[in-house]
Every structure is written in C-alpha cells, then in structure tokens.
Amino acid sequence: YAGSDDNRIYQLNASNVSHQIANFTGIRSARSNGAVRGAFLYIGGGAEVYRLNATNVSHQLDNFSTSADIEGGVSVNEQYVYTTNRNGRIYQLNVSNISQLIALNEGLGAEVSYATPVIYEDSVYVGSDSNNLYQFNASNVSQLFNRFDTSQDITASVAAAHGYIYMGSHDNILYQLN
C-alpha cells in the first residue's frame, strides 16, 4: 500500500510492485503511514482517517474527520485506532467503525502530528514539537499518564520492546526509558 500526493492510495502486488491491484481516489495528500489489521487498511490523508478493504482498497468502509491534517500515521490494536493531527490532538477511534470517536485529548497545545502513535502494553506514546514524549492511557487517551521532557523536538516515532521505550530527539540524544 502506498499513499501519494496525487490524492490516491495504491494497492500494489507485494511480489511485483509494478503490478497495481487497485487504488482509492479522493484522499487528499496521503502522507501518513497506514496500518493493516485483519481485512482492513487504516490510513490518514488530509484531515481524514479511512478504513478500507485491504484486499481491494477502492472499497471504503468508513472514515473520520479530524480538525486538521494528519501527517503522522495511524496505529491499530484489537479495539482502537489512534492518530494525531497538526492541532496537537490525539484521537482514539472504534476499530470496527472509525466514524465513532471513543476519546480525544486536545490539551497538548503543541503539534504532535509527525510521529505515528505507538501502542505498547496499556499505553499509547507520541512525541511532540514541544520537546515532550507523552504517555496516554490506551483505553482512554483523554487520560495522560506521564510526560518526559527533552531539550528539542521529538518528531519521529518511538520504539517499544522488553519493557523499554526508545526515542530520539533533535537534541541528538537517543533515550531509553522504562
């Protein structure tokens, strides 16, 4: 799957990417990372999150409109879809009907849109232009668990494994948090 500035999502053959299977049109500026879960592709474009049929992306099932462009990606677990936008908001949507908003945190006051939210254990992590890594409750992102400060922006996604969170910052430091 590949998004493009030509307002399309392309579904390509994994064995031969020169073979196009299908495309979804009407998506504005599909720059975000998509996530596949089961039979569905979840992807952001412009200020929208889309749920598409993973075997034929020309078939849209539903969508959700955010308040500003999504430039990071979407993350998906068994119950929820998470994304951020340029207005500093993190959205938690119903995985089986993404038009249903479960929770919203709009109090960040800084842009968190560049990085894809990362789900690890019972938390969702996202970096921001305000030099913070935020840790939200994965069951209700309106609840902020913790915040870690650095001296510069965190615009890349974090990694999580073995009880640790790994992240880089524009302060040229690689952090390992537990």
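Observations on the model:
- Contacts under 6 angstrom Cβ, first residue in region 55-84 being in contact (Cβ under 8 Å) with a residue 40 or more places away in the chain and part of a strand (DSSP E or B), partner of a type outside the set (Ser, Thr, Tyr) and open to solvent by 40 Å² or more (accessible area, probe 1.4 Å), 6 or more apart: Ser75/Ile119; Val76/Arg37
- Pairs, first of a type in the set (Asp, Glu) in region 1-30, second open to solvent by 40 Å² or more (accessible area, probe 1.4 Å) and part of a loop (DSSP other than H, G, I, E, B), C-beta under 8 Å, six or more apart: Asp5/Arg31
- Of the numbered criteria (1) open to solvent by 30 Å² or more (accessible area, probe 1.4 Å); (2) part of a loop (DSSP other than H, G, I, E, B); (3) under 14 Å from Thr116 (Cβ atoms), the one Val17 fails is (3).
- For region 20-50, a residue qualifies if it is hydroxyl-bearing (Ser, Thr, Tyr), open to solvent by 10 Å² or more (accessible area, probe 1.4 Å) and part of a strand (DSSP E or B), and the qualifying residues are Thr25, Tyr50.
- Among the residues of region 51-69, those that are among the hydroxyl-bearing types (Ser, Thr, Tyr) and open to solvent by 50 Å² or more (accessible area, probe 1.4 Å) comprise Thr55, Ser58, Ser65, Ser67.
The values are calculated or read from the model by the stated rules, or taken from the named source; none is laboratory data. Please read these numbers as outputs of a predicted model, since none were measured by experiment. Don't worry about glycine lacking a Cβ; one is built from the backbone with ideal geometry, like all the others, and counts go over all protein chains shown. What goes into the accessible areas is simple: the full protein's heavy atoms, side chains included, and nothing from ligands, DNA or RNA. Shrake-Rupley method; radii C 1.70, N 1.55, O 1.52, S 1.80 Å.
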